Amino acid sequence: MQEPGTINLEIMPVPETERRHVLVIGAGLVGLSSALWLQKTGHRVTIIDRELPLPGASYEQACSYGNACTVAPQSVVPVATPGIAWRVPRMLLDPLGPLAIVWRYLPHLGPWMRAFLASSSREEVERIAAILASLLSQADAGWRPLIADAGASHLERHDGCLYLYKTEAQFQAAEADISLRERNCVRLDRLDARSIHDLEPNLAPLYHKGVMFKDAYTFSSPKLLAIALAEAIQRHGGTVVAGEATGLETIETGIQVWVAGSLIKADHVVVAGGAWSRALAEEVGDRPLLDTERGYHVLFPSAGALLTRPVCYPEHGFYMTPMADGLRAAGTVELGGLSAPPNPGRTVMIRKGVQTLLPGAGEGTREWLGFRPSMPDSLPVIGNSPTSPRVTYAFGHGHLGLTLAGITGRLVADLVACQPPILDVASLRPHRFGRSGRRLA
Ligand SMILES: Cc1cc2nc3c(=O)[nH]c(=O)nc-3n(C[C@H](O)[C@H](O)[C@H](O)COP(=O)(O)OP(=O)(O)OC[C@H]3O[C@@H](n4cnc5c(N)ncnc54)[C@H](O)[C@@H]3O)c2cc1C
């Protein structure tokens, strides 16, 4: 990947003869962004989802609905870092810890877990951080034209993001991550307890030190953002279709998919189905090593004014983000696949955490379980199918889908137009892991 820096993201429309009909499967933020960037290139777009982000829809099955609302350019540190193999057992035994597992899902996790652990070596973490830094350096630029197009700038709030530590030992332990971020050009300030109090006086004074990430910002409602993007797609002549896409198949004249009993044909398909993308990829013969890191949120409706910015104690594993509906406490990781029911213990743990960290937060009301689409190396898949030249993949954004949706859409537009992408996406190819979880050269 290139060094972080300024890249011109402006896009040239393709000639009339190269304009195609592209189906985008998945109206999460990644699919919506891809659809809008494809329209900017001149293609005709149809976007399909079981539940589209339209006014009146719940949209709750999309991971894009329930996240911590934060564009997080500081997030160059992958989930698997050196020593994780020793830390995981202790975290799993702590009922209030940030990591949990649905034990009956364990047999399905073998290759993913093998690749996850192999990604935690010092060399791998440096390599992955540099790739993430390259993507993250363009995250905001990737969003700008889409936000303007969708008239969604009123949803943005630029106040940074705060990470807090309760003891000197915790802060020292975080130094390796902090210095990895600094080496990858993340702008941050180290804060003492007094400065933290001045920034967020409503927090319980449990903090000892903290870090402010100055370039982070939030959207006050990811759902309203998604609705605004879907409306922009329709204004530009795009079609939206509600229903489950199945039977993806390449045919002589193009590619086709069944949706709610109708066959839709197109020239090209972008699979942006989030955590469900593996099933779609398997239909054309591909097997990306995608799984899910389940995450939860609890809404505290009367606590929205208590914080100015997202606040996270990494020890607790969730963000507390002020948003349109109140304060959303969102995060934690549960390895457990797509079909296990929600685990109430996870939201009990979030509720207890918020009541300790932010005593005035009041009662939490709405709870939500969502499915992060996660690759074991914390890097998304952005690339063409090795099996079908008519399929492009955009999924696997893990903890960073809201942040990276804009730049992902821009890269998808290059890939569909058969142009060299503005960032090198070789490290993001769908088949970087073999079936056993070994990373392929
Ligand atoms: C608790 C939590 C907090 C998070 N916080 C942040 C954060 O602060 N910042 C950040 O950057 N990221 C965050 N994330 C991650 C982020 O939300 C995800 O990476 C992102 O939403 C993924 O977007 P997506 O478009 O790939 O998938 P999704 O939003 O899940 O969208 C996929 C869509 O595809 C549809 N679909 C799938 N298969 C089919 C099919 N066969 N037919 C029809 N439709 C189909 C689904 O219905 C769904 O709507 C968080 C995640 C969680 C769980």
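Nothing in this text is a laboratory measurement; each read-out follows from the coordinates by a stated rule. Computed from a predicted structure; not experimentally measured. Here the Cβ positions follow ideal geometry from the backbone for every residue, glycine too, while neighbour counts run over all protein chains shown.
How would you order 40-53, 227-240 from highest to lowest mean count of nearby Cβ atoms within 10 Å?
40-53, 227-240
At what distance in angstrom do the alpha carbon centres of the stretch 115-138 and the stretch 198-230 lie from each other?
Distance between centres, Cα-based: 24 Å.
Roughly how far apart, in whole Å, are the Cα centres of the stretch 371-392 and the stretch 50-74?
20 Å
Work out how much length Ile7 to Ile101 would gain on full extension: take 0.36 nm times their residue separation and subtract the Cα-Cα distance, in nm to one decimal.
Details: separation 94, 0.36 × 94 = 33.84 nm, distance 4.06 nm.
My answer for the length gained is 29.8 nm.
Based on the Cβ-Cβ distance of Arg366 and Cys418, what FRET efficiency does E = 1/(1 + (r/R0)^6) give at R0 = 56 Å, to the nearest 0.05?
Computed FRET efficiency for Arg366 and Cys418: 0.80.
Ranked highest first by the average count of other Cβ atoms within 10 Å around their residues, in what order do 255-267, 315-327, 19-31, 117-129 fall?
Per-residue Cβ counts within 10 Å, averaged per peptide and sorted highest first, yield 19-31, 315-327, 117-129, 255-267.
Over 25 Å between C-alpha atoms is what I'm after, so list which of Lys166/Lys223; Lys166/Lys214; Lys166/Lys352; Lys223/Lys265 land there.
Lys166/Lys223; Lys223/Lys265
Binning at 5 Å from 0, report for the stretch 129-274 what percent of all alpha-carbon pair distances ends up in each bin.
Here the calculated profile for the stretch 129-274 is 2, 7, 12, 13, 12, 12, 12, 9, 7, 6, 5, 3, 1, 0.
Helix-only mean residue ellipticity at 222 nm, the chain, DSSP H runs n ≥ 4 weighted -39,500 (n - 2.57), per residue, nearest 500. What is it?
Helix-only estimate at 222 nm: -9500 deg cm²/dmol.
In nanometres, what is the gap between the two model label sites at Leu117 and Leu440, each 7 Å from Cα along Cα-to-Cβ?
Output for this residue pair reads 2.3 nm.
What is the spin-label model distance, in nm, from Arg235 to Arg19 if the labels are put 7 Å beyond Cα along the C-beta direction?
A separation of 1.9 nm, rounded to one decimal place.
Using the scaling law 2.2 N^0.38 Å as the reference, what is the normalised Cα Rg of the chain?
Taking N as the residue count of the chain, the ratio is 0.94.
Provide the three semi-axes, in whole Å and in decreasing order, of the ellipsoid equivalent to the stretch 287-419 as defined by the square roots of 5 times the Cα gyration tensor eigenvalues.
34, 17, 11
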